[in-house]
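Heads up, the thing below is written out as structure tokens.
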Amino acid sequence: MKPFRNIINEKPWIAWILFGSTLVIVFLLGLLAASIIERRTEAVFAYKPVVNYPDWEPRNTLWGNNFPREYQSFMKTADTTFRSKYNGSASIDMLAEYPELVILWAGYPFSQDYLQARGHFYAVTDIHKTLRTGAPLTGKSSPMPNTCWTCKSADVPRLMKLSGTADFYKGTWETRGHEIKNPIGCVDCHDAQTMNLYISRPALVEAFQRMGKDISSVSHQEMRSLVCAQCHVEYYFDKQRIKNVSYLTFPWDKGLTADDIEKYYDEINFSDWTHNLSKAPMLKAQHPDYEVYLTGVHAKRGVACADCHMPYISEGGQKFTSHHIQSPLNNITGSCQVCHREETEKFINDVYERQNKVAENRRKLEELLVRAHIEAKTAWDKGATAEQMKDILTLIRQAQWRWDFVAAGHGNTIHSPVETSRLIASGINKAQEARLKLTRLLATLGYTDEVPYPDIPTKKKAQEFIGLDMQKLNSDKQEFLQTVIPEWFREAQKREKDWDEQRRNTQK
Ligand code: HEC
Ligand code: HEC
Ligand code: HEC
Ligand code: HEC
């Protein structure tokens, strides 16, 4: 056979054909590669809605047609079986577990009823059921404003769009009852067009504005926590801003730590209620999950709420975000062990060890606070003056604020073990200082015995001690649940049927 070079020399057109066909092959290969990449990205990102719905659609079932995996995992938040040592998805009756809390909240609705949170699926059911919203039977009003719906329902963004934020908050809680049906859902965290993470609640945007920050320019990783910070935060109702409106406000202007927030409240002379026994001007911490999380090492290393509470999972070769938001202890492999290498059992022990240690002193502080409230009441009974009581009541307010800032967030002690220990220690200090002053004051009033600790081994006894008529509260609530709630539900169903009809008509 002749060498290739000779063939080319004899018939140069062969070289041209070879050159040309190589070009064509390379070009075709390029096309193929591009097409494969395109298909791949399409498979991942192409969003071809199966069902169309408006941007404000509150029903998870509709969104679920387009995103079945995320929807099905969201529906698992209905599962209440998991319980860890301190948390989990079962509704733990916190007052039965810790009857001291009834005394700490005397005069405030939390002393009637307080359950540990369960899954997002139950948010609307549980706000109907709690005694804290009262029993607004026909003609009666709830003690709570409409603002309380803000963190419970996917109907909220729709209603805020319709009437404006301030108008949404206006009025007592029962006046919007018929307008709210769907629990927390897709529209609360996602833009319906792009499915990007989205802040639907104005209070968070406004808090950022007041701190001079633009929430629309934060990183994607920060958004994976900020969607939660729409609700899992400390808040209060600002009644000064707009007349007759309980305006939802995050007290972050001076910073987000317990001390910064306390300064903010002190400066505006704010208190949530006056304690029934001690008459101290009290603060109630709501659930400062985001604020406490920020002080922990995970936040400092850029780990977001979603990293632990919404881990990726794989199903049929598809990787997606689990929307079964729950205690990560029910899925250590998917959450913690993505970054940590310890065995599951060791790891759970690490968590419990931190929780146990903070709880040990937290329980001590609860007892001290019960004593302080009751000793303060004794001082009033013995004729103490407001002037004599002023510093003492401030100390009680401060001690209980520190306790509540830790206790009110069920993940706080593991989110930030060091800061929560510091707060409890500081609370113990303040409570002891209050009690020392009380002992001296009581002595000057001629009382030198020990003020007896109340007999409060159960929730029932503690509630009797502060004079609550639980039978009446419970029976009114039952009547409300049996008569008013079905009416609200019927109205909501009719509204949603009308939407579906309208949609069908426009699509014809
Ligand atoms: C509490 C906030 C929240 C709610 C409610 C929520 N999501 Fe998500 N969703 C997230 C977060 C966080 C991610 C992760 C986004 C990221 O990192 O890009 C996500 C991701 C997604 C994605 C992107 C693909 C994936 O799996 O990572 C889809 C699609 C999605 N969610 C659909 C839904 C649907 C459908 C619902 C309602 C059933 C819903 N989401 C409710 C927070 C939420
Ligand atoms: C629209 C308000 C809202 C948003 C947004 C929200 N939550 Fe919640 N979350 C709630 C409410 C209300 C409950 C209590 C529901 C109940 O007990 O009925 C709750 C309960 C929980 C629980 C307890 C679940 C259990 O099984 O015990 C966890 C954990 C949780 N949320 C984490 C998150 C995380 C993480 C995010 C962000 C990805 C988030 N939440 C976003 C309002 C919200
Ligand atoms: C995205 C990565 C990531 C995930 C997920 C994660 N961690 Fe961590 N964790 C870290 C980093 C980073 C540190 C800081 C220590 C270091 O730099 O080595 C840390 C530190 C810790 C510490 C020691 C510090 C302390 O606060 O006491 C504990 C305990 C811990 N993690 C528990 C958990 C648990 C429980 C989970 C799951 C619910 C979890 N981690 C999930 C990254 C992660
Ligand atoms: C490093 C992982 C990690 C991060 C990040 C994290 N959490 Fe948690 N969270 C936990 C662990 C662990 C628990 C304790 C669960 C238990 O005791 O069963 C917990 C508990 C909770 C609970 C109570 C759960 C229950 O069962 O009732 C809520 C609510 C919560 N976290 C919300 C948040 C929010 C909101 C953020 C972000 C601001 C966040 N978490 C960030 C690991 C994490």
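Since every read-out is calculated from the coordinates, none of them should be taken as a lab result. Everything numeric here is computed off the predicted structure, so don't read it as measured data. Note: ideal-geometry Cβ built from the backbone for every residue, glycine included; neighbour counts use all protein chains shown.
Sorted from greatest to least, the principal axis extents spanned by the alpha carbons of the range 108-189 come out as 34, 31, 20 Å. In plain terms, if you count all Cα to Cα distances in the range 252-306 and split them into 5 Å steps from zero, the share in each step is 4, 17, 21, 19, 16, 9, 8, 4, 2 percent.
Using only Cα atoms, figure out Rg for the range 239-382 and give it as a multiple of 2.2 N^0.38 Å. That ratio works out to 1.45. Its alpha carbons considered, the range 310-382 gives a radius of gyration followed by a Dmax of 21.4, 73 Å.
Work out the P(r) tail for the chain: percent of alpha carbon pairs separated by more than 35 Å, whole number.
So the portion of pairs separated by more than 35 Å is 44 percent.
A convex hull fitted to the Cα coordinates of the range 215-280 yields 132 cubic angstrom per residue. In the frame of its principal axes, the range 188-228 has Cα extents of 28, 19, 16 Å, reported largest first. Computed from the alpha carbon atoms alone, the convex hull of the range 346-480 holds 151 Å³ per residue. Extension gain for the segment Arg341 to Glu491, taken as residue separation times 0.36 nm less the Cα-Cα distance, is 48.8 nm to one decimal. Quick one: which of Lys129/Lys263; Lys85/Lys460; Lys243/Lys494; Lys239/Lys364; Lys85/Lys181 span more than 30 angstrom between C-alpha atoms? From the list (Lys129/Lys263; Lys85/Lys460; Lys243/Lys494; Lys239/Lys364; Lys85/Lys181), the Cα-Cα distance tops 30 Å for Lys129/Lys263; Lys243/Lys494; Lys239/Lys364; Lys85/Lys181. Solvent-free Debye calculation, one equal scatterer per alpha-carbon of the range 157-292: log10 I(q)/I(0) at 0.10, 0.12 Å⁻¹ equals -0.39, -0.56.
Ser219 to Phe320: FRET efficiency via 1/(1 + (r/R0)^6), r the Cβ-Cβ distance, R0 22 Å, to the nearest 0.05? Taking R0 as 22 Å, the efficiency between Ser219 and Phe320 is 0.55. Taking Cα centre as origin and charging only the Cβ of basic (Lys, Arg, +1) and acidic (Asp, Glu, -1) residues, the dipole magnitude of the chain rounds to 960 debye. Of all aspartates and glutamates in the structure, the ones whose alpha carbon falls short of 18 Å from that of Lys161, not counting any fewer than 8 places away in one chain, are Asp55, Glu57, Glu179, Asp188, Asp191, Glu206, Glu496.
Suppose R0 equals 22 Å. What FRET efficiency, 1/(1 + (r/R0)^6) with r the Cβ-Cβ distance, do Asn52 and Ser163 give to the nearest 0.05? Mind dumping the intermediate values first?
Working: r = 25 Å, r/R0 = 1.12.
Taking R0 as 22 Å, the efficiency between Asn52 and Ser163 is 0.35.
A quarter of the convex hull surface defined by the alpha-carbon atoms of the range 438-492 gives 6.7 nm² as the mean projection. Peptides 267-273, 337-343, ordered by how many other C-beta atoms sit within 10 Å of their residues on average, highest first, read 267-273, 337-343. Backbone geometry of the range 245-252 corresponds, through the Karplus equation with coefficients 6.51, -1.76 and 1.60 at θ = phi - 60°, to 3J(HN,Hα) couplings of 10, 8, 7, 5, 9, 9, x, 9 Hz, x marking Gly and Pro. The shape of the range 170-212 can be summarised by an equivalent ellipsoid whose semi-axes, obtained from the alpha carbon gyration tensor, come to 24, 19, 6 Å from longest to shortest.
Helices assigned as whole DSSP H runs in the chain whose Cα atoms extend at least 20 Å along their own long axis and whose mean Kyte-Doolittle hydropathy is 0.5 or higher are found at 12-45. Within the straight-line cut-off of under 17 Å between alpha carbons, the aspartates and glutamates reachable from Lys472 are Asp113, Glu464, sequence neighbours fewer than 8 places apart in one chain being disregarded. Placing +1 on the Cβ of every Lys and Arg and -1 on the Cβ of every Asp and Glu, with no other charges, gives the range 90-166 a dipole of roughly 420 debye about its Cα centre. Per-residue extension of 0.36 nm, minus the Cα-Cα distance of Ser475 and Lys85, leaves a gain of 137.2 nm for this segment. Label zone of Thr458 (point 7 Å out along Cα→Cβ, amide N under 16 Å): in the range 71-113 this covers 93-100, 102.
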